[in-house]
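To start, the structure itself, in structure tokens.
The values are calculated or read from the model by the stated rules, or taken from the named source; none is laboratory data. This structure is a prediction, so every number in the text was calculated from the model and none was measured. Virtual Cβ from ideal backbone geometry, glycine too; neighbours counted across all protein chains shown. The accessibility values were calculated without ligands, DNA or RNA, using every heavy atom of the protein model including side chains. Shrake-Rupley method; radii C 1.70, N 1.55, O 1.52, S 1.80 Å.
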Amino acid sequence: MTDPRAVALLMALRKQGIEDRRVLEAIEKTPREEFVEEPFEHAAYDNSALPIACGQTISQPYIVAYATQALDVQPKHRVLEIGTGSGYQAAVLSPLCRMIYTVERHRPLLKQAEARFKKLKLHNVVTKFGDGFQGWPEQAPFDRILLSAAAPEVPQTLIEQLKVGGILIAPLGKNLSSESFSQHLTKIIRTEEGTTQEALIPVMFVPMLPGIAQEALKPDEKREKHSR
Ligand code: SAH
């Protein structure tokens, strides 16, 4: 039976203008409590972003629903996501398309997300530890691409990995400070000639950073290193 908190969340999303039945069903099916850190489990169905490991955030359900709806995913689609984070967005996409390829630059986050995909038997989500600015060239071209982290503009490499006619949704903005609301979720369509771009709604995402993250060593790992 669906968690009553999930029912309330779905009603809130409908009120906020999320109408796509498949998207609402995907949100309903996805147990968000599995994707948040333990101290925030009570808030798992609040319509708000929450902190996760490595200083990152799990996006607000409304933004996940909105981005998923804007992506217009079809059952045969192969989708690339940049910024796996908790894995929640990829899990919501899972019942809507054929395959999701998701890339994360923080190894601990990716490990946690992989364990969640396994536990929830989301077999069509494949992961890669790496720099999302490079995309996933071996699996390109994609029908859809979703950036879950903000960039000043869409990296050309990712446009090149999108099919002609394909949709890319990304939070784009120039000022990326923590108080900044100058990002917009943006819809980009690849055309024969280039791209079209349409700003959708103002958002606030963590920035897309270059390269893979060098995680700080735990104290016992540090000691091991010194003793060698
Ligand atoms: N979709 C996630 C949102 C996580 S926040 C969720 O549902 O929880 C954005 C994520 O993008 C962070 O985990 C961050 O580490 C990651 N990220 C930022 N820059 C990246 C890059 N260049 N390549 C891959 N991941 C990146």
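Model label sites at SER182 and GLU33, defined 7 Å from Cα along the beta-carbon direction, differ in position by 4.2 nm.
In this structure, the amide hydrogen of ILE52, modeled 1.01 Å from its nitrogen in the peptide plane, lies closer than 5 angstrom to those of THR57, ILE58, counting only residues at least 5 positions away or on a different chain.
Quick one, what does Rg over Rh come out to for the chain if you take C-alpha atoms and the Kirkwood Rh? Working shown, then result.
Numbers: Rg = 17.5 Å, Rh = 18.0 Å.
The Rg/Rh ratio comes out at 0.97.
Sequence gap at least 6, Cα distance under 8 Å: using those rules, report the relative contact order of the chain to the nearest whole percent. Across the chain, relative contact order equals 15 percent. Label zone of LYS76 (point 7 Å out along Cα→Cβ, amide N under 15 Å): in the stretch 90-109 this covers 97-99.
In the P(r) worked out for the stretch 51-133, what percent of Cα pairs fall beyond 16 Å? Here the tail beyond 16 Å accounts for 48 percent of pairs.
When nucleic acids and ligands are ignored and a 1.4 Å probe is applied, SER48 ends up with an accessible area of around 40 Å². Going by amide H atoms built from the backbone, whose H comes under 5 Å of the H on THR102, apart from near neighbours? Distant-sequence amide H within range of THR102: GLU81, VAL126, THR127, LYS128.
From largest accessible area down, sort THR191, THR68; use a 1.4 Å probe on the protein chains. Before the final figure, lay out the partial values.
Details: THR191 40, THR68 0 Å².
Final ranking, largest accessible area leading: THR191, THR68.
Solvent exposure of MET11, expressed as accessible area, is near 110 Å², computed with a probe of 1.4 Å over the protein chains only. Length gained on full extension, ARG98 to ILE201, computed as 0.36 nm times the residue gap minus the Cα-Cα distance: 34.3 nm. Rounded to whole numbers, the Karplus 3J(HN,Hα) couplings from phi for the stretch 61-68 are x, 4, 5, 4, 5, 5, 5, 5 Hz, using 6.51 cos²θ - 1.76 cosθ + 1.60 with θ = phi - 60°, and x at Gly and Pro.
In this label model, GLN60 and ARG5 are separated by 1.8 nm, measuring between points 7 Å along each Cα→Cβ vector.
Between HIS123 and GLU193, how high is the FRET efficiency from 1/(1 + (r/R0)^6) when r is the Cβ-Cβ distance and R₀ = 35 Å? Nearest 0.05.
0.40
Taking amide H as placed 1.01 Å from N in the peptide plane, GLN183 has its amide H under 5 Å from the amide H of VAL203, each at least 5 places away in sequence or on another chain. For the chain, the antiparallel share of DSSP beta bridges with both residues in that region comes to about 45%.
Each of THR191, PRO4, ALA67 was placed along the dipole of the chain (beta-carbon charges, centred on the mean Cα), and the one lying farthest toward the positive end is PRO4. Our coupling estimate for the stretch 19-31, obtained by passing each phi through the Karplus curve with A = 6.51, B = -1.76, C = 1.60 and θ = phi - 60°, is 10, 5, 4, 5, 5, 4, 5, 5, 5, 4, 6, 9, x Hz, Gly and Pro reported as x. The phi-based Karplus calculation (6.51 cos²θ - 1.76 cosθ + 1.60; θ = phi - 60°) puts the 3J(HN,Hα) values of the stretch 94-106 at 3, x, 9, 9, 6, 9, 10, 10, 10, 10, 9, 9, 9 Hz, whole numbers, x for Gly and Pro.
How much accessible area per residue does the stretch 4-227 have, counting only protein heavy atoms and a probe of 1.4 Å, in square angstrom?
On the way: 11230 Å² over 224 residues.
I get 50 Å² per residue for the stretch 4-227.
Over 27 Å between Cα atoms: which of LYS15/LYS118; LYS76/LYS187; LYS128/LYS187; LYS29/LYS76; LYS15/LYS187; LYS76/LYS121 fall into that group? Mind showing how you got there, number by number?
Numbers: LYS15/LYS118 33 Å; LYS76/LYS187 20 Å; LYS128/LYS187 24 Å; LYS29/LYS76 20 Å; LYS15/LYS187 22 Å; LYS76/LYS121 19 Å.
As for pairs spanning more than 27 Å Cα to Cα, those are LYS15/LYS118.
Distance from a point 7 Å along Cα→Cβ of GLU138 to each backbone N in the stretch 88-115: keep the residues under 14 Å and list them by number. Within reach of a label on GLU138: 101-103. Accessible area per residue was computed with a 1.4 Å probe on protein heavy atoms; GLU28 scores about 80 Å².
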